[in-house]
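One structure is given below, encoded as structure tokens.
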Amino acid sequence: MSATTTPRTTVTEREARQVAEAAREQDWRKPSFAKELFLGRFRLDLIHPHPLPDAESVRRGEEFLSRLRAFCESTIDSARIEREARIPDEVVAGLKELGALGMKIDPKYGGLGLTQLYYNKALALVGSASPAVGALLSAHQSIGVPQPLKMFGTQEQKDAFLPRCARTDISAFLLTEPDVGSDPARLATTAVPDGDDYVLDGVKLWTTNGVVADLLVVMARVPASEGHKGGITAFVVEAGSEGITVEHRNAFMGLRGIENGVTRFHQVRVPAANRIGPEGAGLKIALTTLNTGRLSLPAMCAGAGKWCLKIAREWAAEREQWGKPVALHEAVGSKISFIAATTFALEAVLDLSSQMADEDRNDIRIEAALAKLYGSEMAWLMADELVQIRGGRGYETAESLGARGERSVPAEQILRDLRINRIFEGSTEIMHLLIAREAVDAHLSVAGDLIDPDKSLSDKARAGANAGVFYAKWLPKLVAGPGQLPSAYNEFKHGVDLSGHLRYVERHARKLARSTFYAMSRWQGRMETKQGFLGRIVDIGAELFAMSAACVRAERLRGEGEHGREAYQLADAFCRQARIRVEELFARLWTNTDDLDRKVVKGVLGGAYTWLEEGIVDPSGEGPWIADATPGPSQRENARHPYGA
């Protein structure tokens, strides 16, 4: 193959935004706690009392978790997966026999029909045994073939593919390309109509499960033509089809057992019957699928937090320094408190979001995105603190620890394994922008034309009138609220007083909305370029959401008589820690180095500071920054190897 870099598809910033905007769900047909929170309205009634699963789903879920736990303990050897960088065939065969491939698939198609709540509990459990196995199951069911077919597939497609996905076939989701990440407007893979088929050509990168998959969900661009609307479109593709080559199995710093690769399509024929939804609906299908699919990552993050807490507790009680256990030294104890309180909050956010997804009474697109963002960031911090608590043993590999006679604790491995979650399924930076767009949707709905340069003066005048009516009603409500009443939320007083934290959330939700409005009035059309500001707005919302979930979960556990006193203590500790972070974020909304940073970046890119790079050697290899992805036949041996083959 040529060593030259593929010519890039040129798309303007505005065109890219238009593609992303067209893929959004435009309407809010159901209430959303998080959306209301960003608008300054603390709708505690939407999450309290905490929604509960029905007895039958609990029975089925707990029965499966019991079988899955036994399997994890007896069959999954995490150390072997780490050592061999592959999940053994017998593990995958066992998962298939358990029905773990079809946890969320309806029983009429051979699946288990678990709720989102218990699906996530299962992922947390199996992910604690091996994050690579958790990633395998998550990629298969959360973003692979089952979920988009469940939501958008025809009955014929469900009948044909869901039984396979439930018991035998592993699926993968293929969107990313060598030069296309979170900017799908430049998607280069094509699907050209040809009779009753489409012909696929292109290259996909970072295809989790793609090396071993039997079925693929592929996003490709259909060119517009007579009878074809065109646009980015989703297809179910047989992974063993002629013309598909897995050209490389990628290796990473963590998740060493995942089967992630580079897949080339050359003149691959796909029946039109395998198209999911209409032409041009591919991105909308992907984003809608991710609304609940994103909950799989925070599930495994919550599980990681539980493991970090267990190891921190056991080690910090055993290890002594200066005459007492290290846990009793404040510098270490504060880290353990952070891990315990944050784990409680992550599980609270996860369980609340999952149960709301099951009930389908609320729109949880922001809640799921916040859970992914917050879970991935906080789990990474918890793992980092665990390594610090363990000291040199935290940096040493589990294999080395075991070889010299100590307990083989894979602390450094979990740090490596968790790192990808800040990038997977929308990086933290992209999640900030995605959530911010949804959070300001109400503003753009009434005032968007005011800041749109393409709108006419009459459109702007009409938007101005509508905005005036909206803000005349909305702004006065941000001045005062229940958070200023000492008696508000008193039902959350039981030994430990959580009512003050909920009053804090209510007050600061209004402050958050006022800050957003002020920023929009100040920057108007330039608001979307203020990514530092928007990121902090979202992070404040995430903290307030987590505080709310933690308090509601504590009250639920108290009402059930299950660890209520301890839950209140953990919720109180978490909220006090979160309030410190919120205050810092609010301060940084207006006092920051964003403008200076932009100047420095321009200097870096312009070569003004190259002298600063002197005095080193660069051990990087030769080659282009982005690999060639020119369509055409593969020149490499097929690295595809399905499990058991």
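The helices (runs of 4 or more DSSP H) found wholly in region 401-503 and carrying at least 3 residues that are farther than 29 Å from ASP183 by Cβ occupy 411-419, 457-474.
GLU385 falls short on exactly one of the conditions (1) in contact with a Lys or Arg (Cβ under 6 Å, 6 or more places away or on another chain); (2) in a loop (DSSP other than H, G, I, E, B); (3) not aliphatic (A, V, I, L, M), and that condition is (2).
Note on region 468-501: residues that are under 21 Å from LEU444 (Cβ atoms), aromatic (Phe, Trp, Tyr) and out of contact with any Phe, Trp or Tyr (no Cβ under 8 Å at 6 or more places or on another chain) amount to 2. Exactly one residue out of LEU401, LEU418 is over 30 Å from LEU46 (Cα atoms), touching a Ser or Thr at 6+ places or on another chain (Cβ under 8 Å) and crowded, with 23+ Cβ neighbours inside 10 Å: that is LEU418. Within region 598-619, the set of residues being open to solvent by 80 Å² or more (accessible area, probe 1.4 Å) and not in a helix (DSSP H, G or I) comprises TYR609, GLU614, GLY615, ILE616, VAL617, ASP618, PRO619. For LYS324, the conditions (1) open to solvent by 10 Å² or more (accessible area, probe 1.4 Å); (2) closer than 21 Å to GLY375 by Cβ; (3) not aromatic (Phe, Trp, Tyr) all hold with the exception of (2). Set side by side, the residues ARG536, ARG558 differ, and just one is touching a residue at least 24 places away in the same chain (Cβ under 8 Å) and farther than 25 Å from LEU585 by Cα, which is ARG558. Flag: GLU238 does not match the condition of being within 17 Å of PRO631 (Cβ to Cβ), out of contact with any Ser or Thr (no Cβ under 9 Å at 6 or more places or on another chain), open to solvent by 10 Å² or more (accessible area, probe 1.4 Å) and modelled with pLDDT of 95 or more. Please indicate, with yes or no, whether at least one residue in region 176-198 is closer than 30 Å to ARG60 by Cβ and surrounded by 24 or more Cβ atoms within 10 Å (Cβ to Cβ). No; the residues of region 176-198 include none that is closer than 30 Å to ARG60 by Cβ and surrounded by 24 or more Cβ atoms within 10 Å (Cβ to Cβ).
Listed conditions (1) assigned to a helix (DSSP H, G or I); (2) in contact with a helix residue (DSSP H, G or I) (Cβ under 6 Å, 6 or more places away or on another chain); (3) open to solvent by 40 Å² or more (accessible area, probe 1.4 Å); (4) of a type outside the set (Asp, Glu) are all met by ALA371, apart from (3). Every test in (1) in contact (Cβ under 8 Å) with a residue 40 or more places away in the chain; (2) open to solvent by 10 Å² or more (accessible area, probe 1.4 Å) is passed by GLY230 save one, and that test is (2).
Residue check: is LEU570 open to solvent by 10 Å² or more (accessible area, probe 1.4 Å), closer than 21 Å to LEU433 by Cα and modelled with pLDDT of 95 or more? No.
Taking each residue of region 334-355 that is of a type in the set (Asp, Glu) and looking for partners that are part of a helix (DSSP H, G or I) with beta-carbon atoms closer than 7 Å, six or more apart or interchain, yields GLU347/ALA302; ASP351/LEU117; ASP351/ARG553.
None of ALA316, ALA299 is within 30 Å of the chain's Cα centre (by Cα) and open to solvent by less than 30 Å² (accessible area, probe 1.4 Å) except ALA299.
Output the residue which, of all residues in region 57-70 that are among the hydrophobic types (A, V, I, L, M, F, W, C) and within 14 Å of ALA124 (Cα to Cα), is surrounded by the fewest Cβ atoms within 10 Å (Cβ to Cβ).
LEU65
Of everything in region 339-368 that is over 14 Å from MET300 (Cα atoms), part of a helix (DSSP H, G or I) and acidic (Asp, Glu), the residue that is least open to solvent (accessible area, probe 1.4 Å) is GLU367.
Please work out if GLU584 is open to solvent by 80 Å² or more (accessible area, probe 1.4 Å), closer than 15 Å to LYS511 by Cβ and not in a loop (DSSP other than H, G, I, E, B). Yes; evaluated as a whole, the condition is true for this residue. Just one of the listed residues (GLU412, GLU406, GLU396) is touching a Gly at 6+ places or on another chain (Cβ under 9 Å), free of Cβ contacts under 8 Å to residues at least 40 places away in the same chain and more than 21 Å from PHE574 (Cα to Cα), and it is GLU412. The set of residues in region 53-76 that are of a type in the set (Asp, Glu) and within 17 Å of LEU112 (Cα to Cα) comprises ASP54, GLU56, GLU62, GLU63. Cβ-Cβ contacts under 8 Å between residues 6 or more apart (or on different chains), taken from a first residue in region 212-223 that is farther than 16 Å from ALA286 by Cα and open to solvent by 10 Å² or more (accessible area, probe 1.4 Å) to a second residue that is modelled with pLDDT under 95 and in a loop (DSSP other than H, G, I, E, B), are listed as ASP214/PRO642; PRO223/GLY230. Filter region 255-289 down to the residues that are surrounded by fewer than 22 Cβ atoms within 10 Å (Cβ to Cβ), on the phi > 0 side of the Ramachandran plot and under 26 Å from the mean Cα position of the chain (by Cα) and list them by number. Listed by number, the residues that qualify are GLY277, GLY280.
The values are calculated or read from the model by the stated rules, or taken from the named source; none is laboratory data. This one's a predicted model, so the numbers in the text were calculated from it and none came from an experiment. FYI the Cβ positions are ideal-geometry reconstructions off the backbone, even for glycines, and counts take in every protein chain you see. Side chains included, ligands, DNA and RNA excluded: accessible areas come from the protein's heavy atoms. Shrake-Rupley method; radii C 1.70, N 1.55, O 1.52, S 1.80 Å.
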